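I have placed the structure first, in the form of structure tokens, so that the comments after it can refer back to it.
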Amino acid sequence: MTKNLHRSVCPYDCPDTCGLLVEVEAGRAIRVTGDPQHPMTRGLLCPKMLNYERTVHSPRRLTTPLLRTGVKGSGQFEAISWDEAIERICNRWQGLIAEHGAESILPYSYAGTMGLVQRNAGHAFFHKLGASRLERTICSPAKDAGWKALMGETPAIEPAEMGQSDLVILWGINAAATSIHAMVDAQKARRRGARLLVIDTYRTPTADASDEAFLVKPGGDGALALAMMHVMVRDGLADREFIDANVLGFEQFGREILSNCSPEKMADVCGLAVERIEKLAREYAGAQAPFIRLGSGLTRYGNGAMTVRTIACLPAVSGAWRNTGGGILCGTSTGGAYPMPSITREDFMQQPTRLVSMNQLGAALNELSEPPVMSLYVYHSNPAAIAPDQNAVIRGLERENLFTVVHERFLTDTARYADIVLPATSSLEHADLYRCYGGYHTQRCDAVIPAVGDAKSNWEVFSLLARRMGWSEAFFHLKVDELIEILICEENPWRTPDINRRLRQGEPVQMMPPSSPRCDWRTPSGRIEILNVREPEPLPRLLPTHAALDGFPLRLQPATTPQALNSSFYEQDELRQKQACMVLMMNPVDAGNRGLADGQQVRAFNQFGEVLFTVRITERVPAGTVVTEGVWWREFITGERGVNALTSQRLTDGGRGSTLYDVAVEVRAA
Ligand SMILES: Nc1nc2c(c(=O)[nH]1)N[C@H]1C(S)=C(S)[C@@H](COP(=O)(O)OP(=O)(O)OC[C@H]3O[C@@H](n4cnc5c(=O)[nH]c(N)nc54)[C@H](O)[C@@H]3O)O[C@H]1N2
Ligand SMILES: Nc1nc2c(c(=O)[nH]1)N[C@H]1C(S)=C(S)[C@@H](COP(=O)(O)OP(=O)(O)OC[C@H]3O[C@@H](n4cnc5c(=O)[nH]c(N)nc54)[C@H](O)[C@@H]3O)O[C@H]1N2
Ligand SMILES: [Mo]
């Protein structure tokens, strides 16, 4: 590294966890590039991070604490000092604790930064305070629940095995937008002769790069997988020898479930013609080592966990697990690589406090009692934009008697409702330690520039709050570097002393997950448990989505865009302008039926709310499905509400996840 070139890590919630090279001049980041020596990044960055310096030095950055002066939501504030801000927060909390108890305080945080210290910086504080706890389940817990029901604790296969597969299926993952390095690997496999299939609800850029795309009805993948297995059994394509040795409950599954799941019966549910289901089943069963990379898109439904569990049966039935390159990958679980309880400090809790689902913030703010939520402390999350049922969330945030503190880099939709706003550092301004969930690398980095304005990191703020509360635990006085060292120094099979040495030097390093040989199933029976009597549903079967029962004719898919990450990156004008405006993609048939013309303003509505979009008429979405990409900030949209005014607080069948993609609407001209 030259004097002005520093290593850092991408802090965002993405399976790639890229290595960055940051060029610094006079205390400012002036250029950000991908680290060519990083095992996943290999010099390639996504369009968002390629201009990360525009986020870090954005004129929109918050630089000082703010006190609300106007009505909630108006965005009117005056600058105050950190001392005053901390004093006001702690005073108010002490009053609330005396009157309502500490559970009247609710922290809300998620994935603004994935750094192990900064992301989890508030846990110890709120545990000691005795606050309500947040159940952090907005992303994809249904995926874990579905996997566990079938595979127990079986670890993930090596992502690089995709390169040895002869048939790669990107299933419910928009890799070209959400995990570009997996996309590079998939294309490499394709160039070496593997077929690349995509299964999605609309024609994404990932689908464009495939040999063949299968567009299903939202939430219809379980039906597709069941029909595929029906064909495999019917046509003698199931691998009986593998099944006999490795699978529990296959005969019963075939008899009780698969026999009723012919392609004819499933075609309508999954939205694919019978011939295409048959062809896909034969191609899958005929491949030597088919590799399914399962995304999170299809898990955010009322049947999400069951969908994952059903799809994960495919390699068991076809025997794909026999061969290197074959199987299914949901993500690498690297959670065991560091001793997180040393940071989150559950032991500071005097007794287990109330758990509040982050997917039901609207209900928590408006309906919870004994005690009601009287204060909300939001850090590295933007619930007014990203949480389901935006109308309920905003109604709650508007409550005059709710004391809201938001620690943020920008004046987000949520920060606009705060009583006190605290300015947060960006990842280039604080140290942290990162681990990847799409591979096995890990990296530690230091701050590479000083804090912008008076911004402080998550840990610094909680340390200040703890001091003002008068707490004596040495833990709250530790420096970020010391916390990182606590995580690194504990002995762990994932990290040899040499890995730790290189980590401390800031190098990106591959960890060594405790390996498991192929076909070593970590379930109570030692087999893949298609029959699992510990589950409420002992066998995988067809479950409906929530939206199928809502009575609105179109399925809405609130998808991701390459130009943003959830509600992050809307501060970059150039990226936002590429998205132009909040668009609703609609098939010509649906547009024709409603007399809509391309470019027209439309309103989409359901029982939860109403949202204005600009309609784009396109064959990229099948009839019956409408798609919008991105989670826009309200200041950049035409109407009053973003897409999450149409989503609901209902939970998934397993894992208590969000059902953000399980949405039905009607659309009319505005
Ligand atoms: N550019 C960009 N990158 C991101 C993000 C982002 O917002 N933008 N978000 C980050 C986060 S937090 C996450 S969790 C990951 C998520 O990354 P992915 O795992 O890729 O998940 P999604 O993009 O939510 O959904 C993937 C695809 O599933 C499709 N899909 C939705 N419902 C269904 C269904 O019922 N069946 C099928 N077959 N497909 C369906 C969607 O259309 C989408 O194209 O990406 C991370 N990376
Ligand atoms: N409609 C719809 N809704 C969705 C999704 C979708 O695809 N469609 N995706 C869902 C998914 S998968 C997820 S994971 C969630 C994500 O939801 P969130 O975790 O809320 O993610 P972001 O919208 O990226 O907001 C993160 C915020 O953290 C701030 N931030 C960044 N770094 C720091 C820091 O170090 N300290 C502090 N204090 N703040 C920081 C950023 O400025 C940003 O405003 O959204 C969910 N909501
Ligand atoms: Mo996520």
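Structure summary
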| read-out | value |
| --- | --- |
| Inter-centroid distance (Cα atoms) of the range 335-390 relative to the range 468-501, Å | 24 |
| Whole-Hz couplings from phi, Karplus 6.51/-1.76/1.60, listed for the range 613-625; x for Gly and Pro | 9, 9, 7, 10, 8, 7, 6, 5, 10, x, 4, x, 10 |
| 13 Å beta-carbon shell around Thr344, net charge (K/R +1, D/E -1) | +3 |
| The range 69-139 and the range 407-445: distance between their alpha carbon centers, rounded to Å | 15 |
| Mean residue ellipticity (222 nm) of the chain, computed from DSSP H runs ≥ 4 via -39,500 (n - 2.57), nearest 500 | -7500 deg cm²/dmol |
| Under Karplus coefficients 6.51, -1.76 and 1.60, residue-wise ³J(HN,Hα) of the range 239-245 in Hz, glycine/proline x | 8, 4, 4, 5, 4, 4, 8 |
| Potential extension, Ser472-Met512 segment - 0.36 nm per residue separation minus Cα distance | 10.6 nm |
| Which of Val611, Val533, Val373, Val184 has the fewest Cβ neighbours within 10 Å, and the rest in rising order | Val533, Val184, Val373, Val611 |
| Calculated from backbone phi, Karplus (6.51, -1.76, 1.60) coupling profile of the range 128-142 in Hz, x at Gly/Pro | 5, 5, x, 5, 4, 9, 9, 8, 8, 10, 7, 8, 8, x, 5 |
| Computed lengthening from Leu549 to Arg504, 0.36 nm per intervening residue step minus Cα-Cα distance | 10.8 nm |
| Fewest-first sequence of Asp413, Asp347 by Cβ atoms within 10 Å of each Cβ | Asp347, Asp413 |
| Under-5 Å amide H pairs with Gly73, H placed in peptide plane, nonlocal only | Tyr417, Ala418 |
| 5 angstrom amide H check on Val356, placed H, neighbours 5+ away | Arg133, Leu134, Glu135 |
| Filter on Lys456/Lys479; Lys217/Lys279; Lys188/Lys217; Lys72/Lys456 - keep pairs with C-alpha separation over 22 Å | Lys188/Lys217; Lys72/Lys456 |
| Computed over the chain: relative contact order in percent, which uses C-alpha pairs under 8 Å that are six or more apart | 21 |
| Antiparallel content of DSSP bridges confined to the range 547-669, in %, to 5 | 65 |
| Residue-span extension gain [Glu241 to Asp83] - 0.36 nm each, minus C-alpha spacing | 49.9 nm |
| Percentage relative contact order, the range 560-670, counting C-alpha pairs under 8 Å, at least six apart | 30 |
| Tensor-based shape of the chain (alpha-carbon gyration tensor, a/c under 1.5 rounded, otherwise prolate or oblate) | prolate |
| Label-point gap, in nm, between Glu251 and Cys519 - each point 7 angstrom along Cα→Cβ | 2.1 |
| Efficiency of FRET between Asp481 and Cys581 - r from beta-carbon atoms, R0 35 angstrom, step 0.05 | 0.20 |
| Mean separation of Cα contacts under 8 Å, 6 or more apart, over the residue count of the range 477-629: relative contact order % | 19 |
| Lys, Arg +1 and Asp, Glu -1 on Cβ, resulting dipole of the chain about Cα centre, debye, nearest 20 | 600 |
| Sequence-distant residues sharing a close amide H with Leu20 (under 5 Å, placed H) | Ser8, Val9, Cys10, Asp35 |
| Fewest-first sequence of His441, His6 by Cβ atoms within 10 Å of each Cβ | His6, His441 |
| Bins of 10 Å from zero: percent of alpha-carbon pairs in the range 547-669 | 13, 45, 34, 8, 0 |
| Euclidean distance of C-alpha centroids, the range 14-63 and the range 577-648, integer Å | 32 |
| Net charge, Gly163 excluded, C-beta distance under 9 Å - Lys, Arg +1, Asp, Glu -1 | 0 |
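Readers should treat all values here as calculations from the given coordinates under stated rules, not as data from a laboratory. None of these values were measured; they are calculated from a predicted model. Cβ sites come from the backbone with ideal geometry, for glycine too, and all protein chains shown count toward neighbours.
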